[in-house]
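The values are calculated or read from the model by the stated rules, or taken from the named source; none is laboratory data. These figures come from a predicted structure and were not determined experimentally. Every residue, glycine as well, gets a Cβ built from its backbone with ideal geometry; the counts of neighbours run over all protein chains shown. Ligands, DNA and RNA are stripped out before the accessible areas are found, and what is left, the full protein with its side chains, is counted by its heavy atoms. Shrake-Rupley method; radii C 1.70, N 1.55, O 1.52, S 1.80 Å.
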Amino acid sequence: MKVIKPGSTALYPVPAVVVSCGLDQPNLITLAWVGTVCSEPPAVSIAVRPERYSYNLLVEAGEFVVNLPGAGQVNIVDHCGSVSGRDVDKWAACNLTPAPANKIRTPLIAECPVALECRVSHQLTLGVHDLFIGEVLAVQVDENALGDQGKLDYRQMQLLSFAGGYYFRSGDLLGRFGDWRRGIE
(Lines give C-alpha, C1' and ligand atoms only; values in the text may rest on other atoms or scores of the structure.)
Protein backbone atom coordinates (compact mmCIF):
# COMPACT_ATOMS: atom_id res chain seq x y z
CA MET A 1 0.00 0.00 0.00
CA LYS A 2 1.26 3.48 -0.84
CA VAL A 3 0.85 6.61 1.26
CA ILE A 4 -0.24 9.80 -0.52
CA LYS A 5 1.98 12.83 0.15
CA PRO A 6 1.57 16.41 -1.09
CA GLY A 7 3.30 17.37 -4.34
CA SER A 8 7.02 18.00 -3.84
CA THR A 9 10.43 17.81 -5.45
CA ALA A 10 10.71 14.10 -4.65
CA LEU A 11 12.57 13.23 -7.86
CA TYR A 12 15.85 12.12 -6.29
CA PRO A 13 18.75 11.64 -6.60
CA VAL A 14 19.86 14.55 -8.76
CA PRO A 15 23.37 15.65 -9.77
CA ALA A 16 25.17 17.97 -7.37
CA VAL A 17 27.17 20.40 -9.51
CA VAL A 18 29.02 23.68 -9.17
CA VAL A 19 28.13 26.21 -11.87
CA SER A 20 30.56 28.97 -12.75
CA CYS A 21 28.96 32.13 -14.06
CA GLY A 22 29.80 35.74 -14.76
CA LEU A 23 32.57 37.40 -16.70
CA ASP A 24 34.37 40.18 -14.81
CA GLN A 25 34.26 38.59 -11.37
CA PRO A 26 32.98 35.05 -11.95
CA ASN A 27 31.09 33.34 -9.16
CA LEU A 28 30.37 29.74 -8.23
CA ILE A 29 26.97 28.39 -7.23
CA THR A 30 26.10 24.88 -6.14
CA LEU A 31 22.97 23.56 -7.83
CA ALA A 32 21.06 20.31 -7.72
CA TRP A 33 18.13 21.37 -9.92
CA VAL A 34 19.97 20.47 -13.13
CA GLY A 35 19.40 18.03 -15.94
CA THR A 36 19.80 16.97 -19.54
CA VAL A 37 17.01 18.33 -21.73
CA CYS A 38 18.02 17.61 -25.33
CA SER A 39 20.54 15.50 -27.23
CA GLU A 40 20.54 17.40 -30.56
CA PRO A 41 21.59 20.10 -30.06
CA PRO A 42 23.01 18.96 -26.72
CA ALA A 43 21.41 21.01 -23.94
CA VAL A 44 21.19 21.04 -20.17
CA SER A 45 19.07 23.00 -17.72
CA ILE A 46 19.84 24.74 -14.46
CA ALA A 47 17.24 26.27 -12.15
CA VAL A 48 18.17 29.38 -10.17
CA ARG A 49 16.15 31.64 -7.90
CA PRO A 50 16.16 35.32 -9.00
CA GLU A 51 17.31 36.51 -5.56
CA ARG A 52 20.55 34.53 -5.80
CA TYR A 53 23.72 36.53 -6.49
CA SER A 54 24.51 34.33 -9.51
CA TYR A 55 21.14 34.98 -11.17
CA ASN A 56 22.07 38.39 -12.61
CA LEU A 57 25.52 37.08 -13.61
CA LEU A 58 23.79 34.37 -15.65
CA VAL A 59 21.37 36.82 -17.26
CA GLU A 60 24.08 39.36 -18.12
CA ALA A 61 26.65 36.88 -19.47
CA GLY A 62 24.21 34.56 -21.25
CA GLU A 63 26.52 31.62 -20.57
CA PHE A 64 27.64 29.30 -17.78
CA VAL A 65 29.76 26.23 -17.06
CA VAL A 66 28.38 23.14 -15.33
CA ASN A 67 31.34 21.71 -13.41
CA LEU A 68 30.92 18.07 -12.30
CA PRO A 69 32.78 17.49 -9.01
CA GLY A 70 34.02 14.15 -7.79
CA ALA A 71 33.30 12.59 -4.39
CA GLY A 72 36.53 14.01 -2.97
CA GLN A 73 35.19 17.52 -3.61
CA VAL A 74 32.03 17.34 -1.48
CA ASN A 75 33.35 20.05 0.88
CA ILE A 76 33.77 22.42 -2.07
CA VAL A 77 30.24 21.68 -3.26
CA ASP A 78 28.83 22.24 0.21
CA HIS A 79 30.79 25.47 0.79
CA CYS A 80 29.82 26.96 -2.57
CA GLY A 81 26.18 26.22 -1.77
CA SER A 82 26.30 27.61 1.77
CA VAL A 83 27.74 31.11 1.28
CA SER A 84 26.90 33.93 -1.10
CA GLY A 85 29.22 35.30 -3.76
CA ARG A 86 28.08 38.75 -2.59
CA ASP A 87 30.17 38.18 0.55
CA VAL A 88 32.81 35.58 -0.33
CA ASP A 89 35.20 34.91 -3.21
CA LYS A 90 34.43 31.20 -3.43
CA TRP A 91 37.29 30.56 -5.86
CA ALA A 92 39.80 31.77 -3.27
CA ALA A 93 37.98 30.30 -0.26
CA CYS A 94 38.01 26.82 -1.84
CA ASN A 95 41.47 27.19 -3.40
CA LEU A 96 40.03 26.61 -6.89
CA THR A 97 41.64 27.51 -10.18
CA PRO A 98 39.61 29.36 -12.83
CA ALA A 99 40.64 27.82 -16.17
CA PRO A 100 39.78 29.16 -19.61
CA ALA A 101 36.83 27.66 -21.41
CA ASN A 102 37.17 26.72 -25.06
CA LYS A 103 33.94 28.16 -26.54
CA ILE A 104 32.74 30.74 -23.98
CA ARG A 105 34.27 33.46 -21.79
CA THR A 106 33.17 32.15 -18.38
CA PRO A 107 35.94 30.14 -16.67
CA LEU A 108 35.60 26.54 -15.58
CA ILE A 109 36.91 24.92 -12.41
CA ALA A 110 40.24 23.28 -13.30
CA GLU A 111 39.97 20.84 -10.39
CA CYS A 112 36.63 19.32 -11.50
CA PRO A 113 36.92 16.26 -13.76
CA VAL A 114 34.26 17.42 -16.26
CA ALA A 115 33.05 20.85 -17.36
CA LEU A 116 30.17 21.56 -19.76
CA GLU A 117 30.47 24.93 -21.49
CA CYS A 118 26.99 26.31 -22.15
CA ARG A 119 25.40 29.26 -23.92
CA VAL A 120 21.93 30.22 -22.68
CA SER A 121 19.37 29.49 -25.40
CA HIS A 122 16.18 29.88 -23.33
CA GLN A 123 15.12 31.29 -20.00
CA LEU A 124 11.77 30.37 -18.50
CA THR A 125 10.19 31.67 -15.29
CA LEU A 126 8.53 28.73 -13.55
CA GLY A 127 7.70 30.00 -10.06
CA VAL A 128 10.36 30.59 -7.44
CA HIS A 129 13.03 29.42 -9.93
CA ASP A 130 13.97 30.49 -13.44
CA LEU A 131 15.06 27.68 -15.73
CA PHE A 132 18.08 28.43 -17.91
CA ILE A 133 18.52 26.11 -20.88
CA GLY A 134 22.10 26.02 -22.06
CA GLU A 135 23.30 24.59 -25.34
CA VAL A 136 26.43 22.59 -24.57
CA LEU A 137 29.09 23.97 -26.91
CA ALA A 138 32.07 22.03 -25.53
CA VAL A 139 32.91 19.53 -22.81
CA GLN A 140 36.30 19.57 -21.14
CA VAL A 141 37.31 16.28 -19.52
CA ASP A 142 40.29 15.53 -17.32
CA GLU A 143 42.41 12.84 -19.02
CA ASN A 144 42.25 10.78 -15.81
CA ALA A 145 38.44 10.63 -16.14
CA LEU A 146 38.63 8.78 -19.45
CA GLY A 147 38.54 5.01 -19.78
CA ASP A 148 40.39 2.79 -22.23
CA GLN A 149 38.33 3.77 -25.28
CA GLY A 150 38.37 7.52 -24.59
CA LYS A 151 34.88 7.53 -23.05
CA LEU A 152 34.00 8.99 -19.66
CA ASP A 153 34.64 6.48 -16.89
CA TYR A 154 31.84 7.27 -14.45
CA ARG A 155 32.92 4.60 -11.99
CA GLN A 156 36.33 6.19 -11.69
CA MET A 157 35.03 9.76 -11.37
CA GLN A 158 32.60 8.95 -8.55
CA LEU A 159 30.42 11.96 -9.28
CA LEU A 160 28.14 13.45 -6.64
CA SER A 161 24.40 13.30 -6.35
CA PHE A 162 22.05 14.95 -3.90
CA ALA A 163 18.91 13.58 -2.23
CA GLY A 164 16.91 14.91 0.68
CA GLY A 165 19.67 17.14 2.04
CA TYR A 166 22.47 14.57 1.67
CA TYR A 167 25.32 14.07 -0.80
CA PHE A 168 25.97 10.65 -2.30
CA ARG A 169 28.78 9.18 -4.38
CA SER A 170 27.97 7.43 -7.65
CA GLY A 171 30.06 4.80 -9.27
CA ASP A 172 28.61 1.34 -8.64
CA LEU A 173 27.89 -0.31 -11.98
CA LEU A 174 24.60 -2.20 -11.77
CA GLY A 175 24.01 -3.00 -15.43
CA ARG A 176 24.07 -1.58 -18.92
CA PHE A 177 21.25 -0.21 -21.01
CA GLY A 178 19.64 -3.06 -22.94
CA ASP A 179 21.09 -5.86 -20.77
CA TRP A 180 17.60 -7.29 -20.16
CA ARG A 181 17.36 -8.06 -23.87
CA ARG A 182 20.48 -10.17 -23.67
CA GLY A 183 19.34 -12.02 -20.54
CA ILE A 184 22.06 -10.46 -18.38
CA GLU A 185 21.23 -9.63 -14.80
(request) Enumerate the residues in the stretch 1-21 having an amide nitrogen under 16 Å from the point lying 7 Å beyond the Cα of Arg49 toward its Cβ. (result) 9
(message) Ignoring ligands, DNA and RNA, please state the percent of accessible area on the stretch 1-142 from carbon and sulfur, probe 1.4 Å.
(response) 53
(request) Mark the label point 7 Å from the Cα of Thr125 along Cα→Cβ and return the residues of the stretch 7-51 whose backbone N is within less than 13 Å of it. (result) 50-51
(message) With +1 on the Cβ of every Lys and Arg and -1 on the Cβ of every Asp and Glu, and nothing else charged, how large is the dipole of the stretch 12-121 about its Cα centre, in debye rounded to the nearest 20?
(response) 80
(request) Enter the accessible area per residue of the stretch 25-173 (Å², integer; probe 1.4 Å; all protein chains in place). (result) 55
(message) What does the charge count around Ala32 come to, taking other residues whose C-beta lies under 14 Å from its C-beta (Lys +1, Arg +1, Asp -1, Glu -1)?
(response) +1
(request) Using all C-alpha to C-alpha distances in the stretch 25-93, build P(r) with 10 Å bins and read off the rounded percent in each one. (result) 17, 51, 28, 4
(request) Using label points projected 7 Å from each Cα along Cα→Cβ, tell me how many nm separate Tyr154 and Ala93, to one decimal. (result) 3.1
